[in-house]
Amino acid sequence: MNPAQLVSSVPTGLLIGGTWRDSSDGATIKVEDPSTGEVLTAVADASVEDGKAALDAAVAAQRDWAATAPRDRGEILRAAFEKISARADDFAMLMTLEMGKTLAESKGEVTYGAEFFRWFAEEAVRVHGRYSTSPNGATRLVTMKAPVGPTLMITPWNFPLAMGTRKIGPAIAAGCTMVVKPAGQTPLTMLALAQLLEECGLPPGVLNVITTSRTGEVMEPIIRDPRLRKLTFTGSTPVGRKLVEQSAEQLLRVSMELGGNAPFIVFEDADVDRAVEGAMLAKMRNIGEACTAANRFYVHESLMEEFGRKFADRMKALTLGRGTDEGVDVGPLIDAKARDGVAELVQDARDKGAEIVLGGKPAEGRGYFFEPTVVTGVPKDARVMTEEIFGPVAPIASFATEEEVLELANSTEYGLVAYVFTNDLSRMLRVTEALEFGMIGVNQGIVSNPAAPFGGVKASGFGREGGFEGIEEYLETKYVGIAP
Ligand code: NAP
């Protein structure tokens, strides 16, 4: 399909109880292409009543859905995995149009996102309880698992497919119904995914999708509704904090996948070329708009010159442009606010004495482009070192000792991911044990994997997505004591 046909093939309504419909007051939200600023289409803008109707539908479907055979739920996920893979080019194009990353990157996300469905199709039939004898022999202890129940899922714009499948996959496998709210900037991928899940036989009401610009107003009553049992959120730490407060009222099960400030550490015994390769991936994947993006580079002083030069050369060779064009490596940022925010961080570093080795400013012309940027000699109090950058900017500082760099790496409220490059096994063990992060990449610039537990500590949140742990987030443990 060409881009215009593709966009017009996506349903633009709210999916509630198996019916696609307009919002109750007819309002719509415009969806933009960030590489041009042009409007692609408009989707329904849900009202408070629509949000309530979506929860009503999820609640109504919960009992029957929980009673379906695990194999049947797994087969729906498996069919969806196959269909997404068969339509990979269309999903990638849609994602590039609304989010901006290159088609190659979007295809990578389609593969990654679809894999969550394959993984949880397999996990659906591996939910186990336990049987044991109490220590005094007087009773039998049986534990069983039950779905948590209706779940609200709120997802961000940076990975429009994978941040959805990482939640929807385990919820389907566990037998939970759901209301999904994708980010305002990128609703189309989620709407296309919902349509595909319907085609795969997902019963009405199991997955309800609402798009809204009145986000807080529509989400809060759902979160405070006693019928909701779980909230799972991927997004920024400030919004996550607010949602945890709201969820306290009903004591919801909560999973929070929040922001990061990943240190990328290159020790003196590292292979520099491998570190540069890892740095390109950790920094530039998704235009730097990833919670896992390397945010602060700490390079041992003995390698600073070589690493800085090789890395800047690689960054300089990148081509900025529309994600749909051939030969483009780096797309636009999501919107003007994001681009201006990145420019402010670079200006702050400059004001504090850092040197801009490459780039450093928004690109001219339409769209929200920012040049690949390398900044050296960055003081530790520069905002670019302490705040999540979410753009193609790499600040590099040097260090002298392992102790010093560990102190620097851990001195953040965030704790999502860290990257370590070293060829010394003892150091690798010491450092990975000392780093206060939920995930650590060793000699590699990417950690995301559907078979691994993704998640953070401290202000990066709690709960895990993917791996064996992922489905547990959607299950309650029930214990039954039986007198023999
Ligand atoms: P965001 O502003 O927090 O938005 C995320 C989602 O929350 C969107 O759907 C947004 O809806 C919604 N939202 C905003 N305000 C809300 C409110 N008051 N009540 C309920 N929902 C609300 O984050 P973002 O800018 O889209 O995403 C970037 C952030 O996500 C970064 O901090 C990044 O690190 C984090 N992230 C974390 C992970 C992880 O796994 N740890 C993965 C990816 C991204 P609207 O679009 O309608 O505002």
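Results, tabulated for the structure shown:
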read-out	value
The stretch 123-194 - share of DSSP beta bridges that are antiparallel (%, nearest 5)	50 percent
Angle between the chain longest axis and helix 336-351 axis [Cα atoms, degrees, rounded to 10]	40 degrees
On Cα atoms only, tilt of 70-86 relative to the major axis of the chain in degrees	40 degrees
Rounded to 5, percent antiparallel among DSSP beta bridges of the chain	45 percent
Cut-off 13 Å, label 7 Å out along Cα→Cβ of Y479, residues of the stretch 113-140 by amide N	130-136, 139-140
The chain, relative contact order [Cα under 8 Å, separation at least 6], %	18 percent
Cβ-Cβ FRET estimate between Y131 and E436, R0 fixed at 41 Å, reported to 0.05	0.60
Cross-link partners of K145 among lysines (Cα-Cα below 22 Å; sequence separation of 8 or more within a chain)	K167, K230, K478
Calculated FRET value between E326 and R224, using beta carbons and R₀ = 41 Å, to 0.05	0.25
Label-to-label distance, nm, for residues given as E82 and E407 (7 Å Cα→Cβ offset)	5.9 nm
Debye log10 I(q)/I(0) for the chain, one point scatterer per Cα, at q = 0.06, 0.12 Å⁻¹	-0.28, -1.06
Within the chain, helix-based [θ] at 222 nm, where runs of 4 or more DSSP H residues each add -39,500 (n - 2.57), nearest 500	-12500 deg cm²/dmol
For peptides 238-245, 112-119, sequence by mean Cβ density within 10 Å, most packed first	112-119, 238-245
Separation in nanometres of the label points that stand 7 Å from Cα toward Cβ, at E199 and A248	4.6 nm
Degrees separating the helix 237-248 axis from the principal Cα axis of the chain, which is the longest one	20 degrees
Straight-distance crosslink candidates among lysines, where the alpha carbon sits under 24 Å from K337 and sequence neighbours closer than 8 are dropped	K30, K101, K181, K242, K283, K352, K361
Relative contact order, percent, the stretch 394-484 [alpha-carbon distance under 8 Å, six or more residues apart]	23 percent
Beta bridges per DSSP with both ends in the stretch 66-206, % antiparallel, nearest 5	50 percent
Separation of the Q444 and S236 label points, Cα + 7 Å toward Cβ, nm	3.2 nm
Gained length - R350 relative to A69, 0.36 nm times residue gap less alpha-carbon distance	95.2 nm
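Readers should treat all values here as calculations from the given coordinates under stated rules, not as data from a laboratory. Note that the structure is predicted; figures quoted are calculated from it, not measured. Every residue, glycine as well, gets a Cβ built from its backbone with ideal geometry; the counts of neighbours run over all protein chains shown.
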